[in-house]
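Here is the structure we will look at, set down as structure tokens.
No value in this document is a laboratory result; all are computed from the given coordinates. Not measured: the values here are computed from a predicted model. In this analysis, Cβ positions are derived from the backbone assuming ideal geometry, glycine residues included, and neighbour counts consider all displayed protein chains.
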Ligand SMILES: O=C(O)CCC(=O)N[C@@H](CCC(=O)O)C(=O)O
Ligand SMILES: [Zn+2]
């Protein structure tokens with residue numbers, strides 16, 4: 001197989017569906033799911049996913065460029081690698097999703113939804129992660145990087161969102177996130193139906209949703225904006241030197257979730273409000289019938305505000321700064 005993305009978009013099974021070169025063996029497991037195994041033994045098992053939302057195409061292109069180098073035998077592969085293009089049908093349609101948001105369905109939540117393409121895909125992707133991580137012997141490094149782009153512009157154009165985790169995040173993982181050029185890290189404090197929450201909770205993976213810029217259709221991405229993240233991914237996969245991160249990312253914690261529960265939901269924000277816009281205490285940010293969402297702390301920052309989500313889903317997050325960490329950064 002020459003081009004994993006092309007095959008995925010064509011909807012056809014590649015022939016042959018497995019092969020090898022001087023560096024690795026590869027196996028196409030299912031639509032948008034490819035496993036690459038280095039010839040030398042390794043204790044690193046890494047999952048890199050992109051296209052969980054079908055309109056977030058730049059990370060898909062970047063990931064495919066790296067995978068192409070590996071398939072052509074031009075680069076050595078250090079870890080066992082599972083590459084996932086999350087929602088191929090939505091990628092073909094250039095839509096975030098066809099029937100329901102795939103990144104809300106993991107951890108078995110797909111069972112609560114009517115049968116739809118995303119519910120089936122969430123189940124399939126859960127199985128793929130389970131098989132991949134269970135196959136590894138003595139996995140020392142189990143990472144999952146889920147690559148996205150955001151709907152809105154942002155005061156921090158590149159940032160990471162980390163799922164709730166009872167364990168401490170490994171130092172090497174945090175260093176890698178800095179090297180990837182992320183300007184901010186957001187720490188969830190509650191469970192969720194995201195792919196990264198699933199991999200962290202069920203397999204103890206060090207997982208992060210990387211938001212690498214603004215969502216654009218295929219062919220309209222300026223991939224130079226993604227060069228630091230691409231370089232950091234190349235280091236991880238090919239064993240090349242990790243680029244020095246310029247600045248440690250600022251840290252934020254989720255303080256509140258705004259949830260749309262009804263058709264009466266109203267978001268009191270301009271449509272061009274950027275991610276990480278700060279609001280002072282007392283500001284009314286959203287209302288939904290009798291429920292009102294106010295800024296409760298001296299200053300809270302908004303992330304992913306979106307009034308158009310399906311009822312029951314997150315319509316935005318509010319964040320506070322982790323001052324203990326950020327004061328050291330200055
Ligand atoms: O820009 C937006 O409103 C959404 C961008 C996006 O898809 N973000 C992820 C974040 C996942 C997480 O919380 O880890 C999502 O909403 O699924
Ligand atoms: Zn996304």
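Take every Cα-Cα distance within the chain, group them into 20 Å bins from 0 onward, and report for each bin the whole-number percent of pairs it holds.
Using 20 Å bins, I get a P(r) of 31, 59, 9, 0 for the chain.
Can you order the peptides 317-325, 120-128 by their average number of other Cβ atoms within 10 Å per residue, highest first?
Ranked by mean Cβ neighbours within 10 Å, highest first: 120-128, 317-325.
Just report the Cα centroid separation between the range 196-241 and the range 267-313, whole Å.
27 Å
Bin all alpha-carbon pair distances of the range 254-321 at 5 Å intervals from 0 and give each bin's fraction as a whole percent.
Result, from short to long distances: 4, 20, 32, 26, 14, 3, 0 percent.
If packing is taken as the average number of other Cβ atoms within 10 Å across a peptide's residues, how do 156-165, 91-100 rank, most packed first?
Put in order of decreasing packing, that is 156-165, 91-100.
Kindly rank 214-227, 246-259 from highest to lowest mean number of other beta carbons found within 10 Å of each residue.
Those peptides, ordered most packed to least, come out 246-259, 214-227.
Which percent, nearest 5, of DSSP beta bridges in the chain are antiparallel?
Bridges in the chain are about 55 percent antiparallel.
Assuming a ≥ b ≥ c are the square roots of the Cα gyration tensor eigenvalues, decide whether the range 95-244 counts as rounded (a/c under 1.5), prolate (otherwise, with a/b larger than b/c) or oblate.
It comes out oblate by the Cα gyration axes.
If eta is 1.002 mPa s and T is 20 °C, what Stokes-Einstein diffusion coefficient results for the range 245-287, Kirkwood Rh from Cα pairs, in µm²/s?
162 µm²/s
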